[in-house]
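Below: one structure, written as structure tokens.
The values are calculated or read from the model by the stated rules, or taken from the named source; none is laboratory data. Here the structure is a predicted model, which means the values were calculated and not measured. When we count neighbours, we look across all protein chains shown, and the Cβ atoms used for this are built from the backbone with ideal geometry, even at glycine. Just the protein is used for accessible areas: all its heavy atoms, side chains included, with ligands, DNA and RNA removed. Shrake-Rupley method; radii C 1.70, N 1.55, O 1.52, S 1.80 Å.
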Protein chains: 4
Amino acid sequence: MGNTFGKIFRLTTFGESHGKAIGGIIDGCSAGLELDFENIQKQLDRRKPGQSKITTQRKESDTVEFLSGIFEGKTTGTPIGFVIKNEDQKSKDYSYLKDTFRPSHADFTYQAKYGIRDYRGGGRSSARETACRVVAGAIAQQLLIMVGVHVKAYVSVVGSVKMNKCHNELDLSKVDTNIVRCPDAEIAERMIAEIEQIRKEGDTIGGEITALATGVPAGWGEPVFDKLHAEIGKAMLSINAVHGFKYGFGGVDISSSRGSKVNDSLVDESGKTKTNYSGGIQGGISNGNNIYCEVAFKPVATIMQKQDTIDKDGNIVEIKGKGRHDACVVPRAVTIVESMMALTLVDTYLRNKAHKI
Amino acid sequence: MGNTFGKIFRLTTFGESHGKAIGGIIDGCSAGLELDFENIQKQLDRRKPGQSKITTQRKESDTVEFLSGIFEGKTTGTPIGFVIKNEDQKSKDYSYLKDTFRPSHADFTYQAKYGIRDYRGGGRSSARETACRVVAGAIAQQLLIMVGVHVKAYVSVVGSVKMNKCHNELDLSKVDTNIVRCPDAEIAERMIAEIEQIRKEGDTIGGEITALATGVPAGWGEPVFDKLHAEIGKAMLSINAVHGFKYGFGGVDISSSRGSKVNDSLVDESGKTKTNYSGGIQGGISNGNNIYCEVAFKPVATIMQKQDTIDKDGNIVEIKGKGRHDACVVPRAVTIVESMMALTLVDTYLRNKAHKI
Amino acid sequence: MGNTFGKIFRLTTFGESHGKAIGGIIDGCSAGLELDFENIQKQLDRRKPGQSKITTQRKESDTVEFLSGIFEGKTTGTPIGFVIKNEDQKSKDYSYLKDTFRPSHADFTYQAKYGIRDYRGGGRSSARETACRVVAGAIAQQLLIMVGVHVKAYVSVVGSVKMNKCHNELDLSKVDTNIVRCPDAEIAERMIAEIEQIRKEGDTIGGEITALATGVPAGWGEPVFDKLHAEIGKAMLSINAVHGFKYGFGGVDISSSRGSKVNDSLVDESGKTKTNYSGGIQGGISNGNNIYCEVAFKPVATIMQKQDTIDKDGNIVEIKGKGRHDACVVPRAVTIVESMMALTLVDTYLRNKAHKI
Amino acid sequence: MGNTFGKIFRLTTFGESHGKAIGGIIDGCSAGLELDFENIQKQLDRRKPGQSKITTQRKESDTVEFLSGIFEGKTTGTPIGFVIKNEDQKSKDYSYLKDTFRPSHADFTYQAKYGIRDYRGGGRSSARETACRVVAGAIAQQLLIMVGVHVKAYVSVVGSVKMNKCHNELDLSKVDTNIVRCPDAEIAERMIAEIEQIRKEGDTIGGEITALATGVPAGWGEPVFDKLHAEIGKAMLSINAVHGFKYGFGGVDISSSRGSKVNDSLVDESGKTKTNYSGGIQGGISNGNNIYCEVAFKPVATIMQKQDTIDKDGNIVEIKGKGRHDACVVPRAVTIVESMMALTLVDTYLRNKAHKI
């Protein structure tokens, strides 16, 4: 029941990792937007498996096919249906998952909730679903660019390697110049080394992605419950493996900070502030400054080590990860974070327009 | 447009801090619930100003009046309308706020969004609005208790004083034995001292609240976008001054943790796990273990020191906080955090029931 | 759970006929609208009981009190909370309804659904609830007038008296020149006579109201499920006692008409058509012509004659209407129909604006 | 923005008549339902073109392919994605529609709303979209049968041929024994003759479908805005060409009826009533009796006669229908009406379950 995101620009997704296809419907996309299909595919490619030595070696082309809502290259305002075929679906033997619940996976909870589950490769709980978010997020970004808003994300932490630089000290055009997607070349190398080391140990590691939106004018966001940062937070927390969210405050600890230090003084009537601890949002409404947030990912649950778990009858059994998995998800998740930021912003933008006379 | 919370158990609120009244409507509350009105008022009293030496000294009785949806002490399934009068509304002179935008307040953003604002005491952006959440949250808690779910929150950090204890090392019956609402008496004293010191300096300080829900069975939560923790996160982030959210992981840093250390092994078919880094949720669905999260509050924006800001014409002006404000909001926010947890859980519970045949 | 109307301009209502008050919250009303409070009260007065010899003689002043969302006479974009006190609430003895289910009332169904009900005067199922719709509808009309849209309704049928005239043959400024609210003076007299005769017989009679909206530009409406006429239809059918809805087609029978007779030929690029059988809507989207529809009300269920029914134990008992009831609801329902038309149109207007880039 | 139907059992559809495919996503379908795929296809076949001499002679197989949400023949509770390919998409020349707006079609309104449209075969406004409703409606019916609810519709009026029989005088097992889908064999023949005559004249004719739901227990429906009949009415009015809706009252005229004649007396505590003018619903909540309604369809707008219209530059041009169109839609619309009834009921059923403790 929770497979729709947004109130006006609405994405609904479907699909399991090993069914015939995943896909979605975007309802409420503005009409007349000329789509850059190459860019959409490029965003998908940044998420797809097998793209570098530090990601899973599974191969899947993740090609999106649009079925409706587009005419002569432009959106028509009617729903945009799309599918991405699951090429890898057949073959492999997943019967070992049928009756066993992997530690820190959603096997047990899906079974408990629905009484039935497609156990192959995690089914609906697989992060494969996020490819649909990237399709919609890419379109959302193209729409946002029309109104001057740009979204960008990058890896800021991998395990013990923490960048500790503010987004305005970084050259974000360099995010994709390395495979870990950290704009600081030197730190990127250390991150890559950390991931390779972790993988050799058959282990996995967490990480952090920072997201940035520039060009958002003052006035977006719908208090009191749908505050802009609450919507962004929900969007990020809905991504697989995300456990933490913080907006604004840069490298500063929120709870030990003082008002006299972190209050942002306004400097002109555009809403520009001297500092930006607020992260571009006041009272749940954008204030015209950069919007930024940090998203913390837990380590991937599938490890190449033996772990105890239970089967459906409650017997303790030993399990060990098979196959080709990421040792750290953040490099591939950068485009997902951008997508969720863009989906939230475009929906907020359209909601804000709605209530003007 | 964002003044409703929930899909089935829905709270809609209204009201500005200095209008005639604040209030709300709860639609979708189950019928036949016998309400404990004293308990509702008690929860309101935990939030109200003037309750102790470390909170604002403003006096407001915050008495809730129910107008509908209750018959002979029981809910009838029809909407519950309620109001809380603003006793303090008249008098004071707020004209100095008319044309000035306070730093790190929502004055500027409301003006930018709507082109008009009730500037008295922050208007709609005032945290006074959260009293309505407490009314609904108290009812939500009473309903949850009927199905064995209990919600509890407490202060875990005030400025530099961090408790660093897990909820299961604490006696949560002691939360209200001190005015800061930290269940550890010794740490509570240090927190109180910190707040008093900060206030003397005319400054404000941030803090953190930990929330806990026990008794939630496996199966609650609606992936992929309405994952249980995403809904809880949104709920918490919608509270005034909240900037950060983390679920599970106890005192452990998310991004530097390893799969081999933080995977939770299942120990029996009820879903019980050996550890609970997952915070009681897997794949967005409750797994039967304790649900817990940490909510980080920034320092109150109103400080008793001079700050630069601008007026509506863009002139730089100096401003200094007046009146009676909290130096730290977390003691009064404990009940708000509990309320948002309860509202999220009760809605999730009812949603989960909805899709069974 | 169904007490909210609209997606952007949202009305949520609460209240039983004999509770303390009824009221509502309007969320999503555009900011900066200067309200005409006298007009709002005037619309309420057109609905209130006791206004003429052909309506119920109950007396209730139906005075609305606004609690929020308005500052210095203008809407602020924040939720507008309002209440209407129930003056008549105390006194009367309703215990005879406690255990008896009146024929063609909602007594039985509320009891069956909720297991509990406020039986006094019909409780939540009373048409008293529609007063809240009139408050919101009056504000919606004021907003629509800003964009050139005018809404008007009138009585076209009372029992056997059918007007059989198209809206453009009528002078709608005369609707309120008689107590039955039919713009044709002669027919109005016959309608009044019919109602008086029916009342003398202790019986009740059905009727029909025609609603008209002028000035709606081409482009409003959200296919495929939220077609403009589907939303208007739902709005009308949600009014107490409404059993039928028809849009367009004037006096013509829909099902026996032929394409060659009822197709509306376009005559210029504004969308103007030679005829208007379509009722101003094509494919669920307004086409720039007048929007009109007919709404059929069943007779009031409470009659001053003996009827058989059952009590809660299933015993057959005899019941006879008490008190002061309408013999025909349509004169008082004109303003309710206008309100539901306005609420639907304003929401559709704002939704349409939302998805432009 | 209006392409989703339902609150819990939610159908979202996409697709234009001449794009690659149409399709949809069902979110919120209960888990564990064993699907009868033959039955789903059979319902589609009852709607598809080319099925008899009185329907359009276009050929399209309308084969549905399910992509997700089903595992080993059973629903899993996750979203059910499906597509129906458009086989007829290529070929034909639709350029004559590019710049011309057909009378009483949605060509003009889509252009006015979106500034762009897929003009081929009506695009999104084509009734082809309703095939997706039939897929979801068939699943909804299968779920309803599990709780004892059966939905059935039939043609009751074609042009001047009106059946004038109540559903309980008819043998509804005979609906599909003739091509017009009227359960009375003799009247069916007259209807077929009427359609053939109209077609020979190059004209089109309206009609009426009656829908019936049996087995709905007392208690379904969500007042005050989402009354059961208001939701059914909206569902029916959202079907292409529907202009009128009436529930209950059988062959009786609503507005000229008297309370003493049409009040339904309760006869036992199950809610059974002596008569059923109420159509199985009181106060917006089902009362345990049969639910029935009448749905009036206007004549198809495409006629094989010359008509005046305008082109995009406002020039008057003459147009004449081409191709293979229905002279009367009701025979093919029976399954669509059943689908919308089933979709409304299953959603109402699940909503009603949601708010029990």
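Taken together, the residues in region D:7-16 that are in a loop (DSSP other than H, G, I, E, B) and either touching a Lys or Arg at 6+ places or on another chain (Cβ under 7 Å) or more than 7 Å from chain A (Cβ to nearest Cβ) (or both) amount to 4. For region A:17-51, residues that are open to solvent by less than 40 Å² (accessible area, probe 1.4 Å) and either within 14 Å of another protein chain (Cβ to nearest Cβ) or closer than 28 Å to residue A:107 by Cα (or both) total 22. The set of residues from region B:108-159 being closer than 28 Å to residue B:189 by Cβ, of a type in the set (Ser, Thr, Tyr) and over 16 Å from the mean Cα position of the chain (by Cα) is empty. Can you confirm whether residue A:323 is in a loop (DSSP other than H, G, I, E, B), touching a residue at least 24 places away in the same chain (Cβ under 8 Å) and more than 28 Å from residue A:162 (Cβ to Cβ)? Yes; evaluated as a whole, the condition is true for this residue. Quick check on residue D:130: is it in a helix (DSSP H, G or I), free of Cβ contacts under 8 Å to residues at least 24 places away in the same chain and within 12 Å of another protein chain (Cβ to nearest Cβ)? No. If the condition is being of a type in the set (Val, Ile, Thr), open to solvent by 20 Å² or more (accessible area, probe 1.4 Å) and in contact with an Asp or Glu (Cβ under 7 Å, 6 or more places away or on another chain), then region D:264-313 contributes D:275, D:300.
Taken together, the criteria place residue C:266 among residues that are closer than 24 Å to residue D:325 by Cα, in contact with a strand residue (DSSP E or B) (Cβ under 8 Å, 6 or more places away or on another chain) and within 7 Å of chain D (Cβ to nearest Cβ). Screening A:75, A:12 for residues that are under 17 Å from the mean Cα position of the chain (by Cα), open to solvent by less than 20 Å² (accessible area, probe 1.4 Å) and either within 27 Å of residue D:84 (Cβ to Cβ) or not aromatic (Phe, Trp, Tyr) (or both) leaves exactly one candidate, A:12.
Listed by first and then second residue, the pairs linking a residue in region D:97-110 that is more than 8 Å from chain C (Cβ to nearest Cβ) to a residue that is open to solvent by 10 Å² or more (accessible area, probe 1.4 Å) and in a loop (DSSP other than H, G, I, E, B), with Cβ atoms under 6 Å apart and 6 or more places separating them unless they lie on different chains, are D:97/D:119; D:98/D:119; D:99/D:312. Return yes when residue A:93 is over 26 Å from the mean Cα position of the chain (by Cα) and part of a loop (DSSP other than H, G, I, E, B) and no when it is not. Answer is yes for this residue. Taking the conditions (1) in contact with a strand residue (DSSP E or B) (Cβ under 8 Å, 6 or more places away or on another chain); (2) within 20 Å of residue C:338 (Cβ to Cβ) in turn, residue C:34 satisfies each one other than (2). Working only within region A:115-129, note down all residues that are surrounded by fewer than 24 Cβ atoms within 10 Å (Cβ to Cβ) and among the polar types (S, T, N, Q). A:126, the sole residue that qualifies. Scanning region D:269-314 for residues that are within 8 Å of chain C (Cβ to nearest Cβ), of a type in the set (Val, Ile, Thr) and not in a strand (DSSP E or B) gives D:300, D:302, D:303.
Of the residues C:54, C:26, the single one that is part of a strand (DSSP E or B), touching a Pro at 6+ places or on another chain (Cβ under 9 Å) and aliphatic (A, V, I, L, M) is C:26.
For residue B:343, the criteria (1) surrounded by fewer than 24 Cβ atoms within 10 Å (Cβ to Cβ); (2) touching a Leu at 6+ places or on another chain (Cβ under 8 Å) hold in every case but one, which is (1). In region C:62-72, which residues are closer than 23 Å to residue B:79 by Cβ, open to solvent by 10 Å² or more (accessible area, probe 1.4 Å) and assigned to a loop (DSSP other than H, G, I, E, B)? Scanning region C:62-72 gives C:63, C:67.
Remark: pairs (first residue in region D:209-231, at positive phi; second residue of a type in the set (Gly, Ala, Ser) and outside any loop (DSSP other than H, G, I, E, B); Cβ separation under 6 Å; 6+ apart in sequence or on different chains) = D:219/C:112; D:221/D:286.
Can residue A:318 be described as open to solvent by 10 Å² or more (accessible area, probe 1.4 Å) and of a type in the set (Asp, Glu)?
Details: open to solvent by 10 Å² or more (accessible area, probe 1.4 Å): yes; of a type in the set (Asp, Glu): yes.
Here the answer is yes, as residue A:318 does meet what is asked.
Within region C:52-61, being open to solvent by less than 60 Å² (accessible area, probe 1.4 Å) and touching a residue at least 60 places away in the same chain (Cβ under 8 Å) holds for C:52, C:54, C:55, C:56.
With the condition kept exactly as written, say whether any residue in region D:335-351 is at pLDDT below 95 and facing another protein chain (nearest Cβ under 7 Å). Checking region D:335-351: not a single residue is at pLDDT below 95 and facing another protein chain (nearest Cβ under 7 Å).
Using the structure shown, decide if residue D:246 is within 8 Å of another protein chain (Cβ to nearest Cβ) and within 13 Å of the chain's Cα centre (by Cα). Can you show your working first?
Details: within 8 Å of another protein chain (Cβ to nearest Cβ): yes; within 13 Å of the chain's Cα centre (by Cα): no.
No: the conditions fail for residue D:246.
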